[in-house]
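*Asks:* Take a look at the following structure, please.
The values are calculated or read from the model by the stated rules, or taken from the named source; none is laboratory data. Predicted, not measured: the structure shown is a model, and the values here were computed from it. Positions of Cβ are generated from backbone atoms using ideal geometry, with glycine treated the same way; all protein chains shown enter the neighbour counts.
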Amino acid sequence: MLRRIGASAREVRTAEQLRSLDGLIIPGGESTTFCRLMEDFRLYEPLRAFVGSGVPTWGTCAGMIVLARHASGLPFPTLEAMDIEVDRNAYGRQVDSFEADLDVPVLGETPFHAVFIRAPVVASVGAAAEVLATVQRGAGDKPSPVAVRQGALLATSFHPELTQDARFHQYFLDIVNSQRMPSGAK
Ligand code: GLN
């Protein structure tokens, strides 16, 4: 998706590979596995330093869990990067995965079709973070945040790479481009 919209993208598995990136996406997957590997490959501190240095970072689904200040149901520390608290798997089991058309004002008027796969519920959003979109499951339910931004940090509880709609990736790329140093300056 990133390449389709003109970015150059590569996979990151080691701390060395974090060097010279203009932005990082921590994807969906399984946050317990991510954290176990982050421990084994000694990635916690490099990632904390990377995110803390202000380089744009976007966490989707399990990536959102990793970025949160606290994640209930996660037997590991998080990166404590974003002022949000999440509840792992709180929308239900795999069979409770769902899709929803979201109103996302920063992306314009057309709703964004979002795919939620055993997504975390955002239980609270602190003052430092801004809610970009919410979802309402049942008619009487309280809208629940599903996309949050805090400065150059972005977190979505769904998988924007699973549709053809590149607007969320473009939104992140715009954050990256606005933070990039002029070429040759680094
Ligand atoms: N349920 C997973 C977790 O708790 C997240 C699922 C996903 O990233 N799609 O880590």
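*Asks:* With the checklist (1) more than 15 Å from the ligand (Cβ to nearest atom); (2) touching a Leu at 6+ places or on another chain (Cβ under 6 Å); (3) not in a helix (DSSP H, G or I) in hand, flag the one item Gly59 doesn't pass.
*Replies:* With (1) more than 15 Å from the ligand (Cβ to nearest atom); (2) touching a Leu at 6+ places or on another chain (Cβ under 6 Å); (3) not in a helix (DSSP H, G or I) applied to Gly59, the lone miss is (1).
*Asks:* If you go through segment 62-105, how many residues are away from the ligand (no atom under 14 Å from the Cβ) and in contact with a Pro (Cβ under 8 Å, 6 or more places away or on another chain)?
*Replies:* 5
*Asks:* Hey, another quick one. So, in segment 136-168, of the ones that are part of a helix (DSSP H, G or I) and under 24 Å from Gln179 (Cβ atoms), which residue ends up farthest from the chain's Cα centre (by Cα)?
*Replies:* Among those that are part of a helix (DSSP H, G or I) and under 24 Å from Gln179 (Cβ atoms), it is Arg167.
For every residue, the table says whether it meets (1) touching a residue at least 60 places away in the same chain (Cβ under 8 Å); (2) out of contact with any Ser or Thr (no Cβ under 6 Å at 6 or more places or on another chain).
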site	(1), (2)
Ala127	no, yes
Val135	no, no
Gln150	yes, yes
Leu154	yes, yes
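*Asks:* Oh, and also: What about Val176, is it among the hydrophobic types (A, V, I, L, M, F, W, C), within 20 Å of Leu47 (Cβ to Cβ), in contact with a Gly (Cβ under 8 Å, 6 or more places away or on another chain) and in contact (Cβ under 8 Å) with a residue 24 or more places away in the chain?
*Replies:* yes
*Asks:* Scan Phe98, Phe41, Phe34 and give me the residue that is of a type in the set (A, V, I, L, M, F, W, C) and surrounded by 16 or more Cβ atoms within 10 Å (Cβ to Cβ).
*Replies:* Of the residues listed, the single one that is of a type in the set (A, V, I, L, M, F, W, C) and surrounded by 16 or more Cβ atoms within 10 Å (Cβ to Cβ) is Phe34.
*Asks:* Pull up segment 106-116, narrow it to residues that are of a type outside the set (Val, Ile, Thr) and in a loop (DSSP other than H, G, I, E, B), then point me to the one that is farthest from the ligand (Cβ to nearest atom).
*Replies:* Here the answer is Glu109.
*Asks:* Of everything in segment 12-33, what is over 15 Å from the mean Cα position of the chain (by Cα), modelled with pLDDT of 95 or more, of a type outside the set (A, V, I, L, M, F, W, C) and not in a helix (DSSP H, G or I)? Give them in sequence order.
*Replies:* Hit for segment 12-33 is Asp22, nothing else.
Listed here are the residues, each with its yes/no results for (1) within 18 Å of the chain's Cα centre (by Cα); (2) in a loop (DSSP other than H, G, I, E, B); (3) crowded, with 16+ Cβ neighbours inside 10 Å.
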| residue | (1), (2), (3) |
| --- | --- |
| Leu2 | yes, yes, yes |
| Gly6 | no, yes, no |
| Arg10 | yes, yes, no |
| Ala49 | yes, no, no |
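*Asks:* Would segment 75-85 turn up any residue that is farther than 15 Å from Ser157 by Cβ, touching a residue at least 60 places away in the same chain (Cβ under 8 Å), part of a strand (DSSP E or B) and touching a helix residue (DSSP H, G or I) at 6+ places or on another chain (Cβ under 9 Å)?
*Replies:* Checked segment 75-85: no residue is farther than 15 Å from Ser157 by Cβ, touching a residue at least 60 places away in the same chain (Cβ under 8 Å), part of a strand (DSSP E or B) and touching a helix residue (DSSP H, G or I) at 6+ places or on another chain (Cβ under 9 Å).
*Asks:* Being in a loop (DSSP other than H, G, I, E, B) and farther than 17 Å from Gly28 by Cβ narrows it down to one of Ala90, Ala119, Ala128, Ala123, so name that one. I'd like the intermediate steps shown before the answer.
*Replies:* Working: Ala90 fails: farther than 17 Å from Gly28 by Cβ; Ala119 fails: farther than 17 Å from Gly28 by Cβ; Ala123 fails: in a loop (DSSP other than H, G, I, E, B).
Checking each option against the conditions leaves just Ala128.
*Asks:* Does Glu109 fit the bill of being surrounded by fewer than 16 Cβ atoms within 10 Å (Cβ to Cβ), charged (D, E, K, R) and under 12 Å from Ala68 (Cα atoms)?
*Replies:* In short, no.
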